[in-house]
Amino acid sequence: MKFMETKIRKIDKNQIDQEIIEEAGTLLKEGKLVAFPTETVYGLGADALKEEAARKTYEAKGRPSDNPLIVHIADYEDLKKIAVNIPAETDILAAHFWPGPLTMIFEKSELVPYGTTGGLDTVAVRMPVDPIAQALIRAAGGFVSAPSANTSGRPSPTTAQHVAEDLSGKIDMILDGGTVDIGLESTILDMTVTPPMILRPGAITAEMFEEVIGPVSVDETLLGDESEKAPKAPGMKYRHYAPKAKLMIVEGDLREEILAIRQLAYAAHRENRKVGIIATNETLPFYNYGIVKNIGTRENEKTIAHGLYRVLREFDEEDVEEIYSESFAAQGIGKAIMNRLEKAAGHLRIPASAVIKKQKYRTVTFVSNTDSARGPMAAELLRQYELKQEYVVNSRGIVVLFPEPANQKAEAIMKSAQMTLEKHTSRQFDSDSIQEDTLVLAIDEAQKEKVLAEYGDNGNIYTLNEFTEDDTEIPDPYGKPLAAYGECYEVLRRLVAKLADKLDSLAEEER
Ligand code: TXA
Ligand code: MG
């Protein structure tokens, strides 16, 4: 293919520059290719009524030519020019969802060339709501075919930069209207069957259709990976949206998913393998290993839809071998999210419960009096070890009146050993500090007694000496000179080394 210069024109949808639109419309009329924003994803526009323009579209995308294009219109009356035998429900569906992220399939008219429909007698039609798209369609003569403006097999583009990454040098122009609103492709509804059938889930959901026209059906090949049949929308059969790394969707309740992914990422870290994690705002803090990307917030599934393709593209830039993704509720737009994610994963789903390894202790909590010196020092010492299993390491105090930073002398000693308690804030021991999988290690007998008296014995409460079978007393440096903190540090260092060995031998026994 010839290299061509791709013009990039910035355009503001709230204040459309008509000159740029005219320039782009003229290119389309000449049979050339112009990428443009829509509310779903960026589209690669061409004149839908020219056979030759469709051929160029397939070539630029590297897309199989049996995969039909969607024809975009800006005025409802134009539908009648390209579709025939339009069923009665179309008016009411259009009244509710057009312009918007809905594509409907009809029998095609003579006007539409087979190049555009991939040889089919049906045509897919969409009326986008994005004002730039609408202006461009009108300037181009009313009928613009547009697949997503990505190279075939790459995630659909949600920014003009994504389009440029894939198609620079292969198309004539990109209209840069900023980031799209939705981030997933339109819902496709086949109007040639009764009741109409969803061929691709999107922002307009089955429930939304049902409120307007009653029940719709769903292409059974969308429902799971078991189906052997070919999907009804030819494009759905390709392994689209495939990231370079192997993507795995971890499924379970959210707590299990986090735990499973943490264990996978920790194991990869110990084996020096680079892995990625698709996490959410809410779960981000739980991951300490791997390259972690925030896809959006679980409080608003739309943000997740919006972040999906961006995150997949970002991972293509990182040389990670595997990507682990949390899963998302398959309700509302969640159906479309899971559909795209599963396609990206080549339907590779793993139950969290099959990944989670038995681990007696997942948390180690040191307990001292005020959680300002010995406890935090022991915790930080333990964090230095790369143990066979991953632990959350905490410290808590028996009498913490208000949160305070670590004791300054303790910090000075830690600093001289290339560690720091900078991030530490003292916290009171409470019922959350004593879960079933928490190993509670008191610095002195006195704190152990307090915990036992208040919470009872669950079998996981020890003094550090007791657990490491070492009777060296841990001196209390409180109120003493720096040297006393230094002596205390030395004792802790020895005991924590023994603790690390003991935890690793417990891990060995659990294997
Ligand atoms: O949101 C969207 O729909 C975006 C923007 C640019 O409008 N476009 C888009 O186009 O996603 P594309 O080409 O990436 O996906 C079109 C899908 C393919 O799966 C294709 O097989 C299906 O629509 N399709 C098109 N015409 C069809 C037809 N006549 N019958 C069945 N499926 C059809
Ligand atoms: Mg596409």
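Remark: spin-label model distance residue 469-residue 399 equals 3.5 nm, labels positioned 7 Å along the Cα→Cβ axis. With a 1.4 Å probe and all protein chains left in place, how much of the accessible area of region 410-511 comes from carbon and sulfur atoms, in whole percent? Using a 1.4 Å probe with all protein chains present, region 410-511 comes out at 47 percent carbon and sulfur.
Starting from the eigenvalues of the Cα gyration tensor, five times each then square-rooted, give me the equivalent ellipsoid semi-axes of region 7-221, largest first, whole Å.
Each semi-axis is the square root of five times an eigenvalue, giving 26, 18, 17 Å.
With the simple spin-label model, which puts each label point 7 Å out from Cα in the Cβ direction, the residue 179 to residue 92 separation comes to 3.8 nm. At a 1.4 Å probe radius, carbon and sulfur cover how many percent of the accessible area of region 246-355? Percent of accessible area from carbon and sulfur atoms in region 246-355: 48. Charge tally for residue 283 (other residues, Cβ to Cβ under 15 Å; Lys, Arg +1; Asp, Glu -1): -4. Among the GluC sites (Glu not before Pro) within region 405-485, those in coil by DSSP and having at most 12 neighbouring Cβ atoms inside 10 Å are 422, 436, 469, 473.
Taking all protein chains into account, the per residue accessible area for region 1-70 stands at 49 Å² (1.4 Å probe).
A 1.4 Å probe, protein heavy atoms only, puts the accessible area of residue 10 near 150 Å².
Each peptide in 162-171, 494-503 gets a packing score, the mean of other Cβ atoms within 10 Å over its residues, and the list from highest to lowest is 162-171, 494-503. Measuring against 25 Å, Cα to Cα, the residue pairs 293/335; 293/343; 13/81; 229/343; 32/232; 108/343 contain 13/81; 32/232; 108/343 as the ones spanning a longer distance. The loop-placed GluC sites (Glu not before Pro) in region 281-334, going by DSSP, that have at most 11 neighbouring Cβ atoms within 10 Å of their Cβ come out as 299. Heavy atoms of the protein chains alone define the surface here; on that basis region 246-355 has 42 Å² accessible area per residue at 1.4 Å probe size. Kirkwood's formula applied to the C-alpha pairs of the chain gives a hydrodynamic radius of 26.3 angstrom. The residues of region 363-510 expose on average 51 square angstrom of accessible surface per residue, using a 1.4 Å probe on protein heavy atoms.
The distance between label points at residue 436 and residue 111 comes to 6.6 nm (points 7 Å beyond Cα on the Cα→Cβ vector). Applying 1/(1 + (r/R0)^6) with R0 = 60 Å to the Cβ-Cβ distance of residue 16 and residue 412 gives a FRET efficiency near 0.45. Note on residue 415: aspartates and glutamates with a C-alpha under 16 Å away, same-chain residues under 8 apart excluded, are 380, 487, 490.
Carbon and sulfur together cover what percent of the accessible area of region 7-221 at a 1.4 Å probe radius? Carbon-and-sulfur percentage of accessible area, whole number: 51. Taking every full run of DSSP H in the chain, none both stretches at least 20 Å from end to end by Cα along its long axis and averages 1.6 or higher on the Kyte-Doolittle scale.
The values are calculated or read from the model by the stated rules, or taken from the named source; none is laboratory data. Everything numeric in this text was worked out from a predicted model, so none of it was measured. Quick reminder, even Gly has a Cβ in these numbers, built from the backbone with ideal geometry, and neighbours come from all protein chains shown. Note: accessible area is taken over every heavy atom of the protein model, side chains too, but ligands, DNA and RNA are not part of it. Shrake-Rupley method; radii C 1.70, N 1.55, O 1.52, S 1.80 Å.
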